[in-house]
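Every read-out reported here was derived from the displayed coordinates using simple, explicitly stated rules and does not represent laboratory data. Just so it is clear, the model here is predicted, and its values are computed rather than measured. Because the Cβ atoms are built from the backbone with ideal geometry, glycine has one as well, and the counts that use them run over all protein chains shown.
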Protein chains: 2
Amino acid sequence: MEKIDIPKRTVYRLSLYQRCLQQLKEEGVDTVSSEDLASAAGVKPTQLRKDLGYVGQVGTRGLGYGVGTLSGAISGIMGTSSVLQPVVLIGVGNLGAALLRYSGFRKEGFEIIAAFDADPCHVKSTTEEMGVPVHHVDGLGDYVKQHGVKMAIIAVPGSAGQSVADVLVEAGVSALLNFSPAVLSVPDDRVVNQVDLAAELRSLAFFAS
Amino acid sequence: MEKIDIPKRTVYRLSLYQRCLQQLKEEGVDTVSSEDLASAAGVKPTQLRKDLGYVGQVGTRGLGYGVGTLSGAISGIMGTSSVLQPVVLIGVGNLGAALLRYSGFRKEGFEIIAAFDADPCHVKSTTEEMGVPVHHVDGLGDYVKQHGVKMAIIAVPGSAGQSVADVLVEAGVSALLNFSPAVLSVPDDRVVNQVDLAAELRSLAFFAS
């Protein structure tokens, strides 16, 4: 499990570099300088070089990185899979329902195989509407264990975030994408990425006014 | 325009503190220590104290911060408004459509007053479906100028991100929430917050596998 030793933000940036490299491949570009790749990914060249140290790629002075070689090296670390990664989504309110309807997850290799909600009204209407089974949240832990689910998307109100995370962690989920405003505590061997849309908007409003 | 001098990430964290303070107010709590407030917001106490320096609040040793006083001071800096802030959304694909259906923006004080797309098929179906007018992207600049819009949400493919941002900047938009994978270049007096869902998911998948 050597990969666990790569810092969380480095893994995030490696996925940015990988996307830029795929773009370059499609454009028929063979080599790229660290400056150009860093610029395309929105990071500093020193950061890029440090990150690429984790994948054992240092580039060649004056020549830069081979696009195919570097892309392959990152894939080797990050893993590539032709199988859709199963994901559960908890909280089928406005945001959760919007995320269920968003087909971009599948395109990126993720399949929401089930959703969970505490409100039976949501459960019924959305099961019919969305093509994804929506269960009562009481069954979350058992479902996750039975299906060996390792990733979850949390879209519940902030007050319910931690208790949902606790159930997921206990059931073996190792990676959480948290859209709730709650700051989640999880054991050190689990990872949480938080996307706080309300905070993003409010901070932008400050600059817009 | 003194507020422009507050760093972008500080503004973001102030909005987190504000949410925590509102929660405390609802719970009837009068004072809070910097440690407790920092923990609730998911930041280090030293970071919190530094950030609160920008709003002129230093707290009282042994007593902490007055919840109402601090909340009022942050509101004074961040601004509060009973008027919904008008926002345009560009790109009514899967993600853009999901965001249009998400009612959480309105709850946070933002109203998507119009959407724009380059594809007339999207334009037609979504205008009827969503209750928000969806225009052809050719009219974006004029619309923004006419309505004095200062905030925009970008949900176009990465290849179109920068050109859309250029139109918005030229038309006077000062704050962009960018869901496209493109890294956007804007003048120094404009602000971009990026939410890259695909990169969040891919980096989580690394830890889940």
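In B, who owns the beta-carbon nearest the axis carrying B over to A, and how many Å from it?
Measuring from each Cβ to the axis, the minimum is at B:98, 2.
At what distance in nm do the modelled label points of residue A:75 and residue B:50 sit from each other, each positioned 7 Å from its Cα along Cα→Cβ?
For the pair residue A:75/residue B:50, the computed spacing is 4.1 nm.
Helix B:8-26 against the longest principal axis of chain B: what's the angle in degrees, Cα atoms only, rounded to the nearest 10?
Taking the Cα atoms of chain B, the angle to B:8-26 is about 60 degrees.
Residue A:147 label points, 7 Å along Cα→Cβ, one per copy: pairwise distances from this copy to the rest in nm, shortest first?
Relative to the other copies, residue A:147 has label-point distances of 3.8 nm.
Straight distance only, please: which aspartates and glutamates reach the Cα of residue A:150 with their own Cα at less than 17 Å, same-chain residues fewer than 8 apart left out?
Cross-link targets: A:108, A:111, A:142, A:166, A:170, A:188, A:189, B:200.
Quick check on my link table: of A:107/B:8; B:107/B:145; A:145/B:44, which ones sit more than 30 Å apart, alpha carbon to alpha carbon?
A:107/B:8; A:145/B:44
Tell me what chain A gives for mean residue ellipticity at 222 nm when only DSSP H runs of n ≥ 4 count, each as -39,500 (n - 2.57), the sum divided by the residue total, rounded to 500 deg cm²/dmol.
-15000 deg cm²/dmol
Using each residue's phi in segment A:175-191, evaluate 6.51 cos²θ - 1.76 cosθ + 1.60 at θ = phi - 60° and report the 3J(HN,Hα) Karplus result to the nearest Hz, with x for Gly and Pro.
9, 10, 9, 9, 8, 6, x, 5, 8, 8, 9, 9, x, 4, 8, 10, 10
Which FRET efficiency value, to the nearest 0.05, do you get for residue A:39 and residue B:113 by plugging their Cβ-Cβ distance into 1/(1 + (r/R0)^6) with R0 = 41 Å?
For residue A:39 and residue B:113, the calculated efficiency is 0.75.
Measuring from label point to label point, each 7 Å out along Cα→Cβ, what is the residue A:121 to residue A:9 span in nm?
For residue A:121 paired with residue A:9, the spin-label model returns 4.3 nm.
Cross-link candidates for residue A:25: which aspartates and glutamates have Cα within less than 16 Å, leaving aside residues fewer than 8 places away along the same chain?
A:36
Once amide H atoms are placed 1.01 Å from N in the peptide plane, what residues at a sequence separation of 5 or more from residue A:134, or on another chain, have their amide H within under 5 Å of its amide H?
For residue A:134, whose amide H was placed from the backbone, the distant partners under 5 Å are A:115, A:127.
In a Gaussian network model over chain A where Cα atoms closer than 10 Å are linked, find which of A:170, A:27, A:111 has the largest mean-square fluctuation.
Between A:170, A:27, A:111, it is A:27 that shows the largest mean-square fluctuation.
Go through segment A:166-173 residue by residue and turn each phi into a ³J(HN,Hα) via Karplus (6.51, -1.76, 1.60, θ = phi - 60°); whole Hz please, and just put x for glycine and proline.
Once rounded to whole Hz, the list reads 4, 4, 5, 4, 4, 8, x, 6.
Return, ordered by residue number, the residues of segment B:80-118 whose backbone nitrogen is under 11 Å from a label point located 7 Å along Cα→Cβ of residue A:94.
Output list for this probe position: B:100-112.
Given points 7 Å out from each Cα along the Cα-Cβ axis, report the residue A:31 to residue B:25 separation in nanometres with one decimal.
My value for the distance between the label points is 6.0 nm.
In whole Hz, what ³J(HN,Hα) sequence does segment B:98-111 give by Karplus (6.51, -1.76, 1.60; θ = phi - 60°), x for Gly and Pro?
4, 5, 4, 7, 7, 7, x, 4, 4, 4, 8, x, 10, 10
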